[in-house]
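In what follows, a structure is listed as structure tokens, so that the remarks can point back to it.
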Amino acid sequence: MLILGSTSPYRRALLERLGLPFECVPPGVDESAIAARGDAPRILAERLAFEKAMAVADRFPDATVIGSDQMAVIDGQILGKPGGVSAACSQLALLSGRTHELITALCVIQNGRVIPHTDITRLTMRRLAAQEIQRYVQADQPVDCAGAYKIECLGVTLFERVESADPTAITGLPLMALTSILRELGYSIP
């Protein structure tokens, strides 16, 4: 049994692309308590991906469990999901004309074996006028996305440059790495 330890509709849609049967199970991890430890952004993303996978693996020990976490980072500051229009506009204003990192951590657990992977994407946003930011946020409603953009939608128009080993990592689940891991664990993809 393959389980995605996530409630993210974006991760679900990405995993569906592999054509494997799977279930989604909410991990029930207190992310704020883990974040309160004050770890560096990459370590925090990796810890959250591990904790999400482990929380589900504890409940389904015979399953292959996928956990993932993602955060946008600029100047060492983590930009979480904005949660509202005003916060989304503020995040985009902060990123405007600058390069930031999108850290996407993945953790797969099967029979006690833990396989981690981290993808770091560097994104350079073009300079955005306040009106452009407002129009974009109104159009894409990116209030549930770290960094306040949906690059798979209209958000692609905000960028000058994207450097990534795996473009699916930007949306929340690095499928190239995940495919390699799942093949190693015995899954047939294609």
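Data for the structure
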item: Failed item, numbered, when V156 is tested on (1) touching a Lys or Arg at 6+ places or on another chain (Cβ under 9 Å); (2) closer than 25 Å to L20 by Cα; (3) among the hydrophobic types (A, V, I, L, M, F, W, C); (4) assigned to a helix (DSSP H, G or I); result: (2)
item: Evaluation of A146 against (1) at pLDDT below 95; (2) in a strand (DSSP E or B) (one fails), failing number; result: (2)
item: Answer from R113, R122 - the residue that is at pLDDT 95 or above and more than 21 Å from G5 (Cα to Cα); result: R122
item: Long-range neighbours under 7 Å by Cβ, at least six apart or interchain, first residue without any contact (Cβ under 8 Å) to a residue 60 or more places away in the chain and over 15 Å from N111 (Cβ atoms) within the stretch 52-73, second among the basic types (K, R) and crowded, with 24+ Cβ neighbours inside 10 Å; result: D69/K52
item: Count - residues of the stretch 120-160 that are touching a residue at least 40 places away in the same chain (Cβ under 8 Å), touching a strand residue (DSSP E or B) at 6+ places or on another chain (Cβ under 8 Å) and surrounded by fewer than 15 Cβ atoms within 10 Å (Cβ to Cβ); result: 1
item: The lone exception for M54 - which of (1) more than 17 Å from S8 (Cβ to Cβ); (2) touching a Pro at 6+ places or on another chain (Cβ under 8 Å) it fails; result: (2)
item: Matching residues in the stretch 101-135 - criterion: being among the acidic types (D, E), closer than 20 Å to A88 by Cβ and not in a helix (DSSP H, G or I); result: E101
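The rows are residues; the columns are (1) of a type in the set (V, I, T); (2) more than 13 Å from the chain's Cα centre (by Cα); (3) within 23 Å of V114 (Cβ to Cβ).
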residue: M1; (1), (2), (3): no, yes, yes
residue: T7; (1), (2), (3): yes, no, yes
residue: E16; (1), (2), (3): no, yes, no
residue: V29; (1), (2), (3): yes, yes, yes
residue: S32; (1), (2), (3): no, yes, no
residue: L79; (1), (2), (3): no, no, no
residue: C89; (1), (2), (3): no, yes, no
residue: H100; (1), (2), (3): no, yes, no
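The values are calculated or read from the model by the stated rules, or taken from the named source; none is laboratory data. Fair warning: this is a prediction, and the values are worked out from it, not measured in the lab. Neighbour counts are summed over all protein chains in view; Cβ atoms, including those assigned to glycine, are modelled from backbone coordinates with ideal geometry.
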